[in-house]
Amino acid sequence: MATEPVTAFLRPRVVNVDGVARRFETRAVLDDVSFELRAGEFVALLGRSGTGKSTLLRALAGLDVEIEGHIEVPACRSVVFQEPRLLPWARVLDTVVLGLRGDDARQRGRGVLSEVELNGHERDWPKTLSGGEAQRVSLARALVRQPDLLLLDEPFGALDALTRIKMHALLQTLCRRYRPAVVLVTHDVDEAILLADRVLILGDGRISLDVPVDVPSPRLRTNHAFARLRSQLLAQLGVDEAAEGLHESPVKEYVS
Amino acid sequence: MSTTTLGDGRLRSHGPELVTLSRETRAPRRRVRVPRGIERFAGVLLLVGAWQVASSTGMLSADTLAGPFAVGKTGWHLVQDGTLTSAMWVSLKRVLTGLAIGVPLATVLALLAGLTRVGDDLVDAPMQMLRFLPIIGLEPLIVLWFGIGDAAKISLIVFGVTFPLYINTYTAIRALDPRHFELARTVGLGRMGTIRRVVLPAVLPGFLTGLRLAAAVAWLILVFAEQINATNGIGYLMIKAQQFFQTDVIVVGLAVYALLGLFSDAVVRFLERKALAWQPSR
Ligand SMILES: Nc1ncnc2c1ncn2[C@@H]1O[C@H](COP(=O)(O)OP(=O)(O)O)[C@@H](O)[C@H]1O
Ligand SMILES: [Mg+2]
C-alpha cells in the first residue's frame with residue numbers, strides 16, 4: 001500500500017489490543033495478544049489454521065462478549081466475513097444499506113455499488129450472483145459505512161485465482177479512497193505481502209511476529225524483498241518452502 | 001491418424017463415434033403430439049363418461065349415486081334459487097372467521113415462544129402437548145361450552161388452525177441462522193430492525209407452509225362440524241339431502257367443498273409466489 005511506514009506512528013492510534021485472552025472451556029485459544037494499529041494502517045494477520053485468527057477478529061468486531069483483556073476499537077467498524085453473508089431475501093441495494101439511516105443512504109449505496117463495479121445489479125437477488133459478485137456486495141456493504149476499522153476474515157478464500165487478483169486490486173483502490181485501518185485475516189502469505197503495510201503472525205495464542213512490509217511497488221513475486229519476506233514469514237509459520245513451492249499458483253503476475 | 005475408405009469412396013479418420021445432441025435426437029418425435037393438458041383432461045372426461053353411462057343404463061341407481069348430468073342440473077337449480085350461494089357464503093364466513101382468529105393467535109404465540117426464553121418455557125411446552133389432541137374429539141366439550149351455534153364451529157376451527165401454523169412458524173424461528181444475527185449486529189440493526197429485516201423474512205416460508213396446512217385443516221373441520229349439527233351452510237344442505245336420498249345434492253355439496261378448498265389453497269400459493277421470489281427453488 002502507499003503508506004509510508006516511517007511516518008505511520010505519527011497518525012492517531014485507532015486500535016489498542018492489550019493482553020487479550022479467550023478460552024473455550026479450558027483450552028486457551030488466545031493467550032496474551034497485544035498490538036496497536038494506527039489510522040489508515042493496513043495489517044495482514046497470518047496464522048496456521050485453528051490458531052484463533054477468526055476468534056481475534058470477532059473480538060475486534062465486538063461479536064465476542066467472553067473475551068478477557070483490554071480492547072479499544074473505533075465505534076464505526078465493518079466486517080467482511082469469509083462467506084458473503086448476504087440475506088437471501090434482500091435485494092443487492094437493500095443488503096448494502098442494511099441498518100443505515102438517513103435520506104441519502106440509498107444514494108450512497110448506489111455510489112459504492114458502482115465502485116465495486118456492480119451498477120445495474122441493485123435489484124438482483126443474492127441467489128443470482130456469482131461468488132465474486134456476492135463478495136463485492138459484501139465489501140460494498142462494509143465500505144458504505146465509511147468505517148474507521150475494516151475487518152476482513154479471509155474474504156477471498158473461496159474465490160478462484162483470477163477473481164482473487166481482481167479483488168486484490170479493487171480492495172487496494174477502495175482502501176486508498178476510504179482510508180480505513182484494515183485487519184485482513186488470511187492464510188495466504190503472498191496476499192499478505194501484496195496488500196499489507198505490516199504483517200502480524202498469530203501463533204500459540206500470541207503475536208509471534210510483527211514486521212513491516214518494505215517491498216517497493218509494484219510488489220511482484222520476483223522482487224528480492226518480496227521473496228525474502230516470504231521466506232521469513234513461511235519459516236515463522238513453520239512451512240517448508242521447498243514443499244510450498246510445488247503448490248504455487250499458476251497465475252504469477254499480480255497487479256499492484 | 002489412420003483413415004479408412006468408406007463404401008462411397010469418402011475418407012474417414014478413425015476416432016470415437018460422435019453423436020449430435022439436439023432436440024430432435026434426444027427426444028424422439030412422436031407421430032401425433034397431444035398437449036399434456038388435453039391428455040389429462042381426457043382422463044377426467046373418460047371417468048365422468050363411465051359414471052354417466054353407469055347411471056343412464058341403470059347400473060348405478062340414483063339412490064346410490066346420481067349421475068353427473070343430474071348433479072350438474074341440480075347444482076344449476078340450487079345456484080339459481082340462491083340456496084347454494086347463501087349456504088356457501090355461510091360456510092366460507094365460518095372458515096374465514098376461524099382463520100382470522102387462529103392465524104394471529106398462532107403467530108403471536110410462535111413469536112413469543114421462539115424469540116423469548118420465558119415464552120419458550122411457558123408457551124412451547126403446553127403447545128407441544130396439546131398438538132396431539134385430536135381436535136375433532138373436542139367437539140362434545142366445545143358444544144357444552146359454546147352450544148351448537150356458529151361460536152362452536154368457529155372455535156373448533158380456531159383450535160385446528162392454530163396448531164399447524166404455530167408448529168411450522170416456531171420451527172422456522174428455531175432454524176434461524178445465527179450468522180444472520182451476527183450480521184445484524186455488525187451493521188447496527190436494533191432489536192426491532194432485526195425482527196423486521198432478519199427474523200420475519202426468514203420465517204415467512206415456514207409460516208406460509210403452516211398457513212396452507214391450516215387452510216386445509218379449516219375446511220376439514222368445517223365439513224365435520226357442519227354435518228354434526230347445523231341449521232345452515234353446505235354441510236347442513238348435505239345432511240338434509242341425505243334424509244331424502246338426494247344423492248345429487250350431496251355430490252353438489254362435495255364439489256363445492258372441493259372447489260372452496262382448492263380456491264383457498266390457490267390463494268396461499270399465490271401469496272407464496274409473491275412473497276418468496278428470493279428463494280433459490282423458484
Ligand atoms: N465457539 C467456539 N466454541 C468452541 N471452540 C471454538 C469456538 N470458536 C472457535 N473455537 C476453536 O478455537 C480455535 C480457533 O478457531 P478460529 O479462530 O476459527 O481459527 P482460525 O480462524 O485461525 O482458523 C479452533 O480450534 C476452534 O475449534
Ligand atoms: Mg478462520
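The values are calculated or read from the model by the stated rules, or taken from the named source; none is laboratory data. Everything numeric in this text was worked out from a predicted model, so none of it was measured. Please note: Cβ atoms are built from the backbone with ideal geometry, for glycine as well, and neighbour counts cover all protein chains shown.
Yes/no per residue for (1) under 23 Å from residue A:92 (Cβ atoms); (2) crowded, with 22+ Cβ neighbours inside 10 Å; (3) within 16 Å of ligand 2 (Cβ to nearest atom):
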site	(1), (2), (3)
A:145	yes, yes, no
A:152	yes, yes, yes
A:167	yes, no, no
A:170	yes, no, no
A:175	yes, no, no
A:179	no, no, no
A:184	no, yes, yes
A:192	no, yes, yes
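Going by the structure shown, is residue A:171 free of Cβ contacts under 8 Å to residues at least 40 places away in the same chain, part of a helix (DSSP H, G or I) and within 30 Å of residue A:120 (Cα to Cα)? Yes: the conditions hold for residue A:171. Of the residues examined, residue A:85 is one that is at positive phi, part of a loop (DSSP other than H, G, I, E, B), out of contact with any Pro (no Cβ under 9 Å at 6 or more places or on another chain) and within 16 Å of ligand 2 (Cβ to nearest atom). Of everything in region B:147-198, what is within 12 Å of chain A (Cβ to nearest Cβ) and surrounded by 20 or more Cβ atoms within 10 Å (Cβ to Cβ)? Give them in sequence order. Result: B:183, B:184, B:186, B:187, B:197, B:198. Within the option set A:75, A:158, being part of a loop (DSSP other than H, G, I, E, B), surrounded by fewer than 16 Cβ atoms within 10 Å (Cβ to Cβ) and within 16 Å of ligand 2 (Cβ to nearest atom) holds for one residue only, A:158.
With respect to the conditions (1) buried (at least 16 other Cβ atoms within 10 Å of the Cβ); (2) away from ligand 2 (no atom under 16 Å from the Cβ), residue A:117 lacks only one, and its number is (1). Screening A:30, A:45, A:60, A:56 for residues that are assigned to a helix (DSSP H, G or I), more than 14 Å from chain B (Cβ to nearest Cβ), within 26 Å of residue A:212 (Cβ to Cβ) and within 16 Å of ligand 2 (Cβ to nearest atom) leaves exactly one candidate, A:56. Reported count of residues in region A:156-170, each being under 23 Å from residue A:55 (Cα atoms) and either modelled with pLDDT of 95 or more or away from ligand 1 (no atom under 16 Å from the Cβ) (or both), is 1.
Give me the residue from region B:116-146 that is acidic (Asp, Glu) and more than 22 Å from residue B:97 (Cβ to Cβ) and, out of that set, surrounded by the fewest Cβ atoms within 10 Å (Cβ to Cβ). Per the stated criteria, the residue is B:121.
I need a count of the residues in region A:80-111 that are in contact (Cβ under 8 Å) with a residue 40 or more places away in the chain and either farther than 12 Å from residue A:145 by Cα or touching an Asp or Glu at 6+ places or on another chain (Cβ under 7 Å) (or both). It would help to see each step written out before you state the result.
We begin by selecting, within region A:80-111, every residue in contact (Cβ under 8 Å) with a residue 40 or more places away in the chain; these are A:80-86, A:92, A:95-98, A:100.
Then drop every residue that is not either farther than 12 Å from residue A:145 by Cα or touching an Asp or Glu at 6+ places or on another chain (Cβ under 7 Å) (or both), which leaves A:80-86, A:92, A:95.
So the answer is 9.
Scanning region A:124-159 for residues that are in contact (Cβ under 8 Å) with a residue 24 or more places away in the chain, among the charged types (D, E, K, R) and over 9 Å from residue A:78 (Cα atoms) yields a total of 5. Of everything listed in (1) among the hydrophobic types (A, V, I, L, M, F, W, C); (2) within 16 Å of ligand 2 (Cβ to nearest atom); (3) over 16 Å from the mean Cα position of the chain (by Cα); (4) within 14 Å of another protein chain (Cβ to nearest Cβ), the single unmet condition for residue A:24 is (4). Please specify each residue of region B:229-275 satisfying the condition of being at pLDDT below 90, of a type in the set (A, V, I, L, M, F, W, C) and outside any helix (DSSP H, G or I). B:230, the sole residue that qualifies. Scanning region B:241-282 for residues that are surrounded by 14 or more Cβ atoms within 10 Å (Cβ to Cβ), more than 14 Å from chain A (Cβ to nearest Cβ) and charged (D, E, K, R) yields B:248, B:265.
Going by the conditions given, is residue B:208 among the hydrophobic types (A, V, I, L, M, F, W, C), more than 14 Å from chain A (Cβ to nearest Cβ), within 30 Å of residue B:256 (Cβ to Cβ) and buried (at least 18 other Cβ atoms within 10 Å of the Cβ)?
On the way: among the hydrophobic types (A, V, I, L, M, F, W, C): yes; more than 14 Å from chain A (Cβ to nearest Cβ): no; within 30 Å of residue B:256 (Cβ to Cβ): yes; buried (at least 18 other Cβ atoms within 10 Å of the Cβ): yes.
When the stated conditions are applied, residue B:208 does not pass them.
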